[in-house]
Amino acid sequence: MAFTEDEIAVFTEQIERILWTHRRPPLHLRHLVREGQSIEGNEIEIFECRPYFRDKSQWIKSPVAKTRYVRSRNIWKVYWRSGDGKWHPYEPCAETSSLEEWLHLINKDENNCFWGQAVGHPLQNHRPLEFIMLKGAGHALDFGRACPNLLGDVAPSGSHQSHLFDDHSCLS
């Protein structure tokens, strides 16, 4: 069953309060990275948007984390996006009991699966612009999606396809 308008309003406030107030890029970097979320059906996806390096007028949506609410069990399933571009259950904690718990989990990101791990980048507390290098990985990864702490292996760059769009939904 899809979320109601009242639920969406509550969830949007929780996302802003718990996640974006701590992770929103500083004003001087807003032309380089924007944050967002989509709420559809019984799912919520957190994402970032960045200008496409070949055409700065287009923005790339980069998924960060996803949850699916199972109303019959009153749980939130936790998903991370790996280097293969697919959503996978987050094995250290495959479900949470509340949206707030999910938001705290992805904000903490103990395994660097959601936000990645920047090494030697000027935006150390934010994800870098195009690719990052994970410590000891030896491969450039699209936003650290391979999550070596969970898989023990690293996918080479190019294994994750970003979605281009020019509807400026990340510009608000």
Exercise. Take the residues in segment 56-67 that are surrounded by fewer than 17 Cβ atoms within 10 Å (Cβ to Cβ) and not hydroxyl-bearing (Ser, Thr, Tyr), then tell me which one is farthest from Ile46 (Cα to Cα).
Key: Lys56
Self-check item: Residue selected from segment 75-109 under the condition assigned to a loop (DSSP other than H, G, I, E, B) and over 14 Å from the mean Cα position of the chain (by Cα), by the criterion modelled with the lowest pLDDT
Solution: Asp84
Self-check item: Some residue of segment 2-13 being among the hydroxyl-bearing types (Ser, Thr, Tyr), in a strand (DSSP E or B) and either in contact (Cβ under 8 Å) with a residue 24 or more places away in the chain or at negative phi (or both)
Solution: no
Exercise. Scan segment 22-54 for residues that are surrounded by fewer than 11 Cβ atoms within 10 Å (Cβ to Cβ) and of a type in the set (Asp, Glu) and jot them down.
Key: Glu40
Practice problem: State yes or no: is Leu19 surrounded by 12 or more Cβ atoms within 10 Å (Cβ to Cβ) and touching a helix residue (DSSP H, G or I) at 6+ places or on another chain (Cβ under 6 Å)? | Solution: yes
Practice problem: Output the residues belonging to segment 14-28 that are within 18 Å of the chain's Cα centre (by Cα) and of a type outside the set (Lys, Arg). | Solution: Gln14, Ile15, Glu16, Ile18, Leu19, Trp20, Thr21, His22, Pro25, Pro26
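From Arg30, Arg71, which residue is farther than 14 Å from Trp115 by Cα, out of contact with any helix residue (DSSP H, G or I) (no Cβ under 9 Å at 6 or more places or on another chain) and without any contact (Cβ under 8 Å) to a residue 40 or more places away in the chain?
Answer to the selection: Arg30.
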Quiz item: Does segment 23-35 include one or more residues that are in contact with a strand residue (DSSP E or B) (Cβ under 6 Å, 6 or more places away or on another chain), closer than 15 Å to His104 by Cβ and among the β-branched types (Val, Ile, Thr)?
Solution: no
Quiz item: What pairs can you find where one residue is in segment 35-56 and under 21 Å from Ile75 (Cα atoms) and in contact (Cβ under 8 Å) with a residue 24 or more places away in the chain, the other is part of a strand (DSSP E or B) and among the small types (Gly, Ala, Ser), and their Cβ atoms are less than 9 Å apart, with a gap of 6+ or different chains?
Solution: Ile44/Ser38; Ile44/Ala65; Ile46/Gly36; Ile46/Ser38; Ile46/Ala65
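The values are calculated or read from the model by the stated rules, or taken from the named source; none is laboratory data. These numbers come from a predicted model, not from an experiment. Cβ sites come from the backbone with ideal geometry, for glycine too, and all protein chains shown count toward neighbours.
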